[in-house]
Amino acid sequence: MIYKDSLDRTVQIEKLPQRIISLVPSLTELLHDLGLEKRIVGITKYCVHPYHYQSVKTKVGGTKKVKFEVIQDLQPDFILCSKEENTPEMVSVLEKIAPVFVSDVSSFQEALELIEKLGEILGKRTEAQQLLAKIQLKYQNFKAYLSQKRPIKSAYFIWKDPWMVAGNGTFIHDMMSINRLENVFASKDRYPEISIKHLKLQGNPELLLFSSEPYQFSENDAYEVLHENEKMLTIMVDGTYFSWYGSRLLKAFDYFKTLQEKIEIYEHS
């Protein structure tokens, strides 16, 4: 069978994949939730959900740097990569070992389409459709919950030294939009570097979100930014719910509702 991945690359698969390597943490979790645990033979050190995979699955390195020899020895017949994390050079080497599917997701809708496609490729079409139906229901309920909420001008921090935020064209940006968190850096693409001394001149956000990944921010980091910007709310957030585009979406909208309630409490305190 011939498929197209997220980059419109041709991926030719001779038979149903039985030995899968995932270099994408959010998709490792998705494969598990589709019932593919026995067929996953390799993961990255960042594939922390489900937690027990770190002790029972072979780790092939990180997302930026993998051990090609280990991957070769695992004899995979399908490898999952991500445009955002895995370089074209890495993909070029990997596709000499096995068919490589590269994901590139920057919106909620694209995430749904990816789940559907992987369900088809991996022989889990029914499971994928059931998962999608549950996610859509959660999403619609959350939209109804938010209908009376006002947009809040926000900035979402992903890195320190240099300070970096999520801009337009990212999955995080789309998740912010769904949450009615108006991204003050929407005019900038991807993950721009910013100066924390001039936040008021850069959209003057009301709310600052500090993520748990890829950089794990601390309360001290938030205080450092607040020192330069008084009267802004700060909240530490679980980055997986804003940046993972697999089955974590099923839990994301319950998390977002809790987050909205926390923001409301902070606003009135």
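No lab work stands behind these numbers, since they all come straight from the coordinates. Just so it is clear, the structure is predicted and the values come from calculations on it, not from any experiment. Counting neighbours? That spans all protein chains shown, and the Cβs are built from the backbone with ideal geometry, glycine included.
Which of the residue pairs LYS83/LYS134; LYS4/LYS83; LYS160/LYS197; LYS67/LYS124; LYS15/LYS117 have a Cα-Cα distance greater than 24 Å in the structure shown?
LYS83/LYS134; LYS67/LYS124
When only Cα pairs under 8 Å and 6 or more residues apart are kept, what is the percent relative contact order across segment 2-104?
30
What is segment 134-267's relative contact order, in percent, from Cα pairs under 8 angstrom and six or more apart in sequence?
26
In a GNM of the chain with a 10 Å cut-off on Cα contacts, which of SER195, SER243, SER177 has the highest mean-square fluctuation?
In this elastic network of the chain, the residue with the biggest mean-square fluctuation among SER195, SER243, SER177 is SER195.
Using the alpha-carbon centroid of each, what span in Å lies between segment 187-234 and segment 144-181?
12
What's the ranking of 114-123, 9-18 by average number of surrounding C-beta atoms within 10 Å, highest first?
Descending mean neighbour count gives 114-123, 9-18.
Express the relative contact order of the chain as a whole percentage, based on alpha carbon pairs under 8 Å and six or more residues apart in sequence.
So the answer I get is 16 percent.
Based on Cβ point charges of +1 for Lys and Arg and -1 for Asp and Glu, what charge dipole magnitude is obtained for the chain about its Cα centre, in debye rounded to the nearest 20?
440
I need the shape label for segment 38-197. Rule: rounded when a/c is under 1.5, else prolate if a/b > b/c, else oblate, with a, b, c from the alpha carbon gyration tensor.
Oblate, because a/c is 1.5 or more while a/b does not exceed b/c.
Farthest toward the dipole's positive end in segment 134-267, which of GLY167, TYR145, LEU207, given Cβ charges of +1 (Lys, Arg) and -1 (Asp, Glu) about the Cα centre?
Checked the options; the winner is TYR145.
Show that you can apply the helix-only estimate: for the chain, add -39,500 (n - 2.57) for every DSSP H stretch of four or more residues, divide by all residues, and state [θ] at 222 nm to the nearest 500.
-11500 deg cm²/dmol
Could you give the dipole magnitude of segment 2-104 about its Cα centre, charging the beta-carbon of Lys and Arg +1 and that of Asp and Glu -1, in debye to the nearest 20?
The dipole magnitude comes to about 280 debye.
Would you mind computing, in nm to one decimal, how far apart the modelled labels at VAL56 and ARG180 are, each placed 7 Å from Cα along Cα→Cβ?
4.2
Specify the residue with the greatest mean-square fluctuation among TYR139, TYR53, TYR215, computed from a Gaussian network of the chain linking alpha-carbon atoms under 10 Å apart.
TYR215
Please sort by residue number the GluC sites (Glu not before Pro) in segment 168-232 whose DSSP state is loop and whose Cβ has at most 15 other Cβ atoms within 10 Å.
When the GluC sites (Glu not before Pro) of segment 168-232 are filtered for loop state and at most 15 Cβ neighbours within 10 Å, GLU230 remain.
Report the charge-dipole magnitude of segment 134-267 in Debye, nearest 20, computed about the Cα centre from +1 at each Lys and Arg Cβ and -1 at each Asp and Glu Cβ.
For this selection, approximately 620 debye.
Go through segment 171-262 and name the trypsin sites (Lys or Arg not before Pro) that are in a DSSP coil and have 10 or fewer other Cβ atoms within 10 Å of their Cβ.
When the trypsin sites (Lys or Arg not before Pro) of segment 171-262 are filtered for loop state and at most 10 Cβ neighbours within 10 Å, LYS231 remain.
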